[in-house]
Amino acid sequence: MTQAPLRQSVIETILQESQTPTSPTKEHAYSVQLRGVNKVFLQTQFRLQNIHLNVRQGEFLFITGPSGSGKSTLLKLIYGEERADQGEVRVEGQNVGGLRGNRLSMLRRRLGVVFQDYKLISRWTVAENVSFVLRSQGIPRDEVERRLQPTLRLVGLGNKANCLPCQLSGGEQQRASIARAIVGSPRLLLADEPTGNLDHDNAMQVLGILKKLNELGITVMITTHDLYLIERGQARVAHLNQGRLEVLSSEQVTPCEP
Amino acid sequence: MRTVRMPLRGSAKLAWTQVEYLGQETLRGLQRGGWMNWAAISTVTVLLFLFGISLQTSWQVSGLLQQMGSNVQISLYLIPEADGEVVQGTVGQFPGVANVEIVPKEQAWQGLLADLGAADIEGVTEGLGENPLVDELVVRARSVGAVPQLVSSLARVPGVDSVSYLDEALQHLADLNQGLSRVSWAVVSLLTLTAIAVITTTIRLIVIARHQEIEVMQLVGATHTWIYLPFLLQGLAFGLGGAALAWVFLVATRQFAQHLLTRQPNFLQTLAHGLQLQPGQALLLPIILLTFGSLVGLSGSLLAVRRFSLR
């Protein structure tokens, strides 16, 4: 509770940044659009079939489904790590499938991705892991310093900047991963099972951070199979099952015990 | 004024940030390379050292040939019974002859012993029984082109035992130089391929060791150029490091050879002068080594990252 005023000032800083687009793209009603997307992996016989999904700017969306239903693949299609066999994936109006090389890199600078396995570099401190995003985009050192501390404070890691990932708990590592995803002031945050490896308290803490970021205007898409999280999240839910997508409201999801 | 200065200051700052980042990433990559760095640098050093030796020798021999070629002279060695002055008179009447000098065998013997560094001339002569040399006529031709025909005519002059002329020796030296050049080009080509292969492997191992960082960099929007340029700079560093070492070894070897030759007899001392490079060549040699090293380093690293960057 004592951190509330501090967190508020940090939020204001981040909010200013997120309202300054990193590239001069015009505003779109939809942050993400998937139209008739098909994706087949021949080796595993896995397929996404005829996926249609519109995610509005500033929306908070859960993507649920059993393991292997294609939740992660759906996010990968959005940030361009996988390409659709058919159909179209648009992020802020840009067709991701048509982007290659530097144009894809520029799109990714407007996204933040949180991974289930965190993908933190084990030899680097939390500060290095987070600032690395900005440094690898050629942002000057003083600007990196200016953004780093507010971001770490936002996720509650202000005093862990010099710790190595192995010195952090699972929840802290996930929050470091979130800090890395948001330090570049993204307009869209994709989180792949961000609470998958966390206990209940840490999961709620992470959810709280993601909801707060959403309040700043950042579009958030989370994949999860944690129904309790979905119930607490109070947001629209897209359910994947056997490669097909069905959009539900949070009330339509059957709650379960945490 | 202020509105003009700000963007310039901003772009200079951005450029400095980029240079600083690339430098740091290159150093980080070199640290990750560990002993593989030395494998790459030492291979480039060996390659460039041999290349430098070859180039330097070629320059030195070319200089020697040029120097000797401008001073063509024919030596006539007389039979022991011949009278040098008589033969000198006969030879002087040939139209292609500009000048004839007689070198008595005693003078030639003393000169040879002086060149060999023998101080006790009489002792050596007594040891051999007698002076083994014969009188020699040194003929200067009016033109270089007339030498072969003049040589065949002079060989038929009574009292002349054998004829030799420097052009022949020059030709042998030129042939030897050409042969050495061919061998060194073959060796240098082979070593170039080896150095490129070693650098490619080294950089590839560093890329694999850093795959996690590279993956995250790609996902957070770093461009291919930004990700892979440090690896190219590492290749360049291998090339430049190898070239610098090779140059140091070349200079040290040359100085050591000169130092050794200055303590030797006269004719070997003249070789020490031949080892000296022209001022232009002394400047050109490190430039060529650095350029060649850079090209080898860049080629190796380009081959290494090409495979990854095209994924």
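Read the figures in this text as sums done on the coordinates, not as results from a lab. Here the structure is a predicted model, which means the values were calculated and not measured. Neighbour counts are summed over all protein chains in view; Cβ atoms, including those assigned to glycine, are modelled from backbone coordinates with ideal geometry.
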TODO: Mind listing the long-range amide H neighbours of A:SER31? Cut-off is under 5 Å, sequence gap 5 or more, other chains count too, H placed in the peptide plane at 1.01 Å from N.
DONE: A:VAL55, A:ARG56, A:GLN57
Task: For A:HIS239, residues with placed amide H under 5 Å, excluding near neighbours - done: A:THR64, A:GLU246, A:VAL247, A:LEU248
Open item on the list: Whole-Hz ³J(HN,Hα) for each residue in the stretch A:35-44, computed from phi via Karplus 6.51 cos²θ - 1.76 cosθ + 1.60 with θ = phi - 60°, x for glycine and proline: what do you get?
Closed with: 10, x, 7, 10, 9, 10, 10, 5, 5, 9
Open item on the list: What are the ³J(HN,Hα) couplings of the stretch B:226-243, residue after residue, when phi is run through the Karplus curve with 6.51, -1.76, 1.60 and θ = phi - 60°? Round to Hz, x for glycine and proline.
Closed with: 5, 6, 9, 4, x, 5, 5, 5, 5, x, 4, 4, 4, x, 5, x, x, 5
Task: Virtual spin-label span in nm between A:GLN45 and A:ASN162, 7 Å along Cα→Cβ - done: 5.6
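What does the average come to when, for each residue of peptide B:202-215, you count the partner chain Cβ atoms lying within 10 Å of its Cβ?
Taking the mean over all residues of the peptide, I get 1.
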Task: By average C-beta atoms within 10 angstrom, highest first, the peptides B:296-305, B:242-251, A:225-234, B:180-189 - done: B:296-305, B:242-251, A:225-234, B:180-189
TODO: Give me the lysines in straight-line cross-link reach of A:LYS160: C-alpha distance below 22 Å, same-chain residues under 8 apart excluded.
DONE: A:LYS119, A:LYS212
Task: 10 Å Cβ neighbours from other chains, averaged over peptide A:139-150 - done: 2
Task: In Hz, Karplus ³J(HN,Hα) per residue of the stretch B:186-197 (6.51, -1.76, 1.60; θ = phi - 60°; x = Gly, Pro) - done: 5, 5, 5, 4, 5, 5, 4, 4, 4, 4, 4, 5
- [ ] Report, by chain and number, residues whose modeled amide H sits under 5 Å from the one on B:ALA98, excluding near sequence neighbours (fewer than 5 apart, same chain).
- [x] B:ARG140, B:ALA141, B:ARG142
- [ ] Would you mind counting up the charge near A:VAL220? Only other residues with Cβ under 13 Å from its Cβ, with Lys and Arg at +1 and Asp and Glu at -1.
- [x] +2
